[in-house]
Amino acid sequence: MELIWVLVVLAGLIVVWLILTYNGLIKFRNRTDESWSDIEVQLKRRYDLIPNIVAAVKGYAKHEEGVFTKVTEARSAAMGATSMKDHAKTENMLTGALKSLFAVSEDYPQLQASENFLNLQHELTDAEDKIAASRRFYNGNVRNFNTKLQVFPTNLFVGMFGFKARDFFDAPDVELEKPEVKF
């Protein structure tokens, strides 16, 4: 009789542990998803600023069509990225294209003096800062979630519940540089 009670209590403890672990994994997964949505909000803000910046530069530098095309194509590619690897790659392409655009803008003193252009540059710099902060927050949540998935004994059953490790959103430091804005 005592053995039955011990087995029932042990089974109950295992069930409680499984429930708590599962709920903890759900919490970590939701935090990771939420932090990714923060990145998406900031990326959308950045994407929305780019056509205005291109239009401002285009008004002064009409013969730089190749640069405008490169920025537009990079923006479209970034907006269409689906995987974390694609996001990192296309965001780096977009950053490079924006650097080219700002390099062109330096040749036009009237453009550099335009209040509209200066405001757009400031907004883009702010968006880049927020993307970097959101990236750090997301990567911290991914680290916590992936660690939770990999520790023993949780790692023994996470596959049964469909939990999968997440990818970090990073790229080499050189490619993560913000476009340089000169006033």
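The values are calculated or read from the model by the stated rules, or taken from the named source; none is laboratory data. These figures come from a predicted structure and were not determined experimentally. Note that each Cβ is placed from the backbone with ideal geometry, even for glycine, and that neighbours are counted across all protein chains shown.
Is there a residue in segment 32-54 that is touching a Leu at 6+ places or on another chain (Cβ under 6 Å), among the β-branched types (V, I, T), touching a residue at least 12 places away in the same chain (Cβ under 8 Å) and farther than 28 Å from R136 by Cα? Steps first, please.
To start, the set of residues in segment 32-54 that are touching a Leu at 6+ places or on another chain (Cβ under 6 Å) comprises 49, 52-53.
Those still in the list that are among the β-branched types (V, I, T) too: 53.
Then keep just the ones that are touching a residue at least 12 places away in the same chain (Cβ under 8 Å); that gives 53.
This time we only want the ones that are farther than 28 Å from R136 by Cα, so: none.
No; the residues of segment 32-54 include none that is touching a Leu at 6+ places or on another chain (Cβ under 6 Å), among the β-branched types (V, I, T), touching a residue at least 12 places away in the same chain (Cβ under 8 Å) and farther than 28 Å from R136 by Cα.
Scan segment 95-109 for residues that are in contact with a Lys or Arg (Cβ under 8 Å, 6 or more places away or on another chain) and either exposed (fewer than 15 other Cβ atoms within 10 Å of the Cβ) or free of Cβ contacts under 8 Å to residues at least 24 places away in the same chain (or both) and the total you get is 1.
Select from segment 145-183 the residues that are β-branched (V, I, T), at pLDDT 85 or above and assigned to a loop (DSSP other than H, G, I, E, B) and list them in ascending order.
Pass one, segment 145-183, residues β-branched (V, I, T): 147, 151, 154, 158, 174, 181.
Retained after the next criterion (residues that are at pLDDT 85 or above): 147, 151, 154, 158.
Of everything in segment 145-183, just one residue is β-branched (V, I, T), at pLDDT 85 or above and assigned to a loop (DSSP other than H, G, I, E, B), namely V151.
Answer yes or no as to whether V57 is out of contact with any Phe, Trp or Tyr (no Cβ under 9 Å at 6 or more places or on another chain) and surrounded by 13 or more Cβ atoms within 10 Å (Cβ to Cβ). Spelling it out, it is not the case that V57 is out of contact with any Phe, Trp or Tyr (no Cβ under 9 Å at 6 or more places or on another chain) and surrounded by 13 or more Cβ atoms within 10 Å (Cβ to Cβ). Among the residues of segment 21-75, those identified as acidic (D, E) and either modelled with pLDDT of 90 or more or outside any helix (DSSP H, G or I) (or both) are D33, E34, D38, E40, D48, E64, E73.
For segment 127-139, check the following and say yes or no: at least one residue is polar (S, T, N, Q), under 24 Å from the mean Cα position of the chain (by Cα) and modelled with pLDDT of 90 or more. Steps first, answer last, please.
Step one: list which residues in segment 127-139 are polar (S, T, N, Q), which gives 134, 139.
This time we only want the ones that are under 24 Å from the mean Cα position of the chain (by Cα), so: 134, 139.
Still in the list and also modelled with pLDDT of 90 or more: 134, 139.
Yes, segment 127-139 contains a residue that is polar (S, T, N, Q), under 24 Å from the mean Cα position of the chain (by Cα) and modelled with pLDDT of 90 or more.
When the residues of segment 48-79 are filtered to those that are within 22 Å of the chain's Cα centre (by Cα) and among the acidic types (D, E), the one that is nearest to V104 (Cα to Cα) is E73.
Among (1) among the hydrophobic types (A, V, I, L, M, F, W, C); (2) under 29 Å from N139 (Cα atoms); (3) in contact with an Asp or Glu (Cβ under 9 Å, 6 or more places away or on another chain); (4) part of a helix (DSSP H, G or I), which single condition is A81 missing? Result: A81 fails condition (4) only. Checked against the criteria, K62 does not count as out of contact with any strand residue (DSSP E or B) (no Cβ under 8 Å at 6 or more places or on another chain) and surrounded by 12 or more Cβ atoms within 10 Å (Cβ to Cβ). Look at (1) crowded, with 18+ Cβ neighbours inside 10 Å; (2) modelled with pLDDT of 90 or more and you find that A88 fails only one, number (2).
For segment 139-157, a residue qualifies if it is of a type in the set (F, W, Y) and surrounded by 18 or more Cβ atoms within 10 Å (Cβ to Cβ), and exactly one does: F145.
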